[in-house]
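Report on the following structure.
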Amino acid sequence: MTYDVAVVGAGPAGATAAKFLTEKGVKTLLIDKRPYPRDKPCGGVLSVRTLKRFPYISDDLIDSYSYGGSISSSSLMYQLQLQKETPIVAFILRKNFDQGLVNCAVKSGATFRDGTAVVNIQRRKDTVKISLNNGESLESKLVIGADGIWSTVSKKFGLGQHYPHIGRCLFQDYSLTSNLLDQYFNEKRFFQFYLKFMGISGIGWVFPKKDSINIGVGEIQPLASRITKRPHLKDVYTNYLMVLKEKKMIPPTIKIGKIKGGVLPLHPLKKTFADQVVLCGDAAGQMNPLTGDGIHYAMSSGMIAAEVCTEALEADDTSAVFLSKYQRLWKDDFGGEITLFLRILKRLLKVDGDEKYIRLVSKDKQIIDMLLTIFYNQVRVQNYKWKLAKRFVYIYMKDLLRM
Ligand SMILES: Cc1cc2nc3c(=O)[nH]c(=O)nc-3n(C[C@H](O)[C@H](O)[C@H](O)COP(=O)(O)OP(=O)(O)OC[C@H]3O[C@@H](n4cnc5c(N)ncnc54)[C@H](O)[C@@H]3O)c2cc1C
């Protein structure tokens, strides 16, 4: 079989790329190693700007909405409140959401094969040969690697790997009655973030949904490995739940069951394209390392990849030089935002960084509004860079003088 584009991986990045490609009349194969519908380790937060950018995400793919929440410093003494009159994030259940996106791609005309892994890819003169785990092989003019953090496509095209620059997470979903959820998290379903809980180099989260709650902790692997006597992440998780119950932040009835694990990339790969290939989503490392928000970038990069691949096919030029446009476009779209949040994360994870910065920022409505605007709306971070820096220096100096 011969295709114009083979999209490897049918998560948010791959399904979005396949939908936009087929809408342009490109003959597209979408392939995933897991049988669908499949679940994926995730907190299930989707920013409302994603819904604005992809209006075809229908209501039945959304579980519930949250109108904001809080970020607490490690001592739990300082809290940053992020709240709005309108929802700022939607909650989703990945099994349902990802299947919904695949359905959209199939409806547009993509061929979908699940339960089949890509095991090898070889460049030919004008095409690539893709070998599958069932012994079959097929050809395509272009490949989109949307196959997640351990991307086979990235390895085969020599674009690099994420390990050890990864975040490791433990989490669990608990079913709760909506009454209990209303009582603890308000009908507006306020989320909670905890920075550096028990001194870990990372965060804890609580995401209250319609009739379940997702609670997790995550640490940054390269920083964590430098601390010799750090607690095991499983012990951190157990203790985290205990403390949250003691502080009455979550219902006391929650009992630890089977804890799940997951990993995410920390920053983008240097190069996300090569001759005949582009990488999208986790495979490319497009992730907000502070919040773990990756779905927005995965879908946005899938859309951009589809646009550039369509142009490459029209121009009959699938060279790296032509496809470098993809990296320029995604960097222009959300690259600045990733860099900004990576910088904020590094500051917060410094010794006492969380105490200092959360205390300072929590007092300044302007800076909170700017961060909310950058993160939850589709605005270019460049428009806010100087305003943010100036505001931060101002509150920092004010604080120094007070002391
Ligand atoms: C614990 C945890 C919590 C998170 N919480 C959030 C959150 O609340 N909000 C948010 O926005 N993001 C969150 N993320 C990040 C988010 O899950 C990812 O950024 C997002 O799934 C990336 O989408 P993707 O399409 O790039 O990759 P994926 O969703 O990982 O999809 C990749 C697909 O490729 C398939 N595949 C892999 N190898 C092959 C192969 N060789 N052949 C064929 N198919 C293959 C896989 O089966 C998979 O279906 C979280 C991540 C973790 C680990």
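Some observations on this one:
- Computed from the C-alpha gyration tensor, the three semi-axes of the ellipsoid equivalent to region 212-329 are 41, 17, 10 Å, from longest to shortest.
- Across region 51-63, coupling constants 3J(HN,Hα) worked out from phi with the 6.51/-1.76/1.60 Karplus curve, θ = phi - 60°, read 5, 5, 6, 10, x, 6, 5, 7, 4, 6, 8, 9, 7 Hz, and Gly and Pro carry x.
- Compactness index (Cα Rg / 2.2 N^0.38 Å), region 28-177: 1.33
- Counting 0.36 nm for each residue step from MET397 to GLU311 and taking away their Cα separation leaves a gain of 25.9 nm.
- Positive-pole candidate from GLY14, ILE256, MET397, dipole of the chain, charges at beta carbon: MET397
- Between LYS196 and GLY202, ILE203, GLY204, the built amide H atoms are under 5 Å apart, and every one of these is 5 or more places off in sequence or on another chain.
- Taking 10 °C and 1.306 mPa s as conditions, region 246-402 diffuses translationally at an estimated 87 µm²/s according to Stokes-Einstein applied to its Kirkwood radius (Cα pairs).
- For the chain, the spread of Cα positions along each principal axis, largest first, Å: 67, 46, 45
- Most mobile of VAL263, VAL153, VAL119 in a GNM of the chain (Cα contacts under 10 Å): VAL119
- J(HN,Hα) series, region 116-122, from Karplus relation 6.51 cos²θ - 1.76 cosθ + 1.60, nearest Hz, glycine and proline x: 9, 9, 7, 10, 8, 9, 10
- Neighbours of LYS84, meaning other residues whose beta-carbon lies under 10 angstrom from its beta-carbon, give a summed charge of -1 when Lys and Arg score +1 and Asp and Glu score -1.
- For region 119-184, trypsin sites (Lys or Arg not before Pro) are listed when DSSP marks them as loop and at most 11 other Cβ atoms sit within 10 Å of their Cβ; the list is ARG124, LYS125.
- Across region 237-246, coupling constants 3J(HN,Hα) worked out from phi with the 6.51/-1.76/1.60 Karplus curve, θ = phi - 60°, read 4, 4, 5, 4, 4, 5, 5, 4, 5, 4 Hz, and Gly and Pro carry x.
Every number here is computed from the coordinates shown, using simple stated rules; none is lab data. Quick caveat, the model's predicted, so the values are computed rather than measured. So basically every Cβ, Gly included, is an ideal-geometry build from the backbone, and we count neighbours across all protein chains shown.
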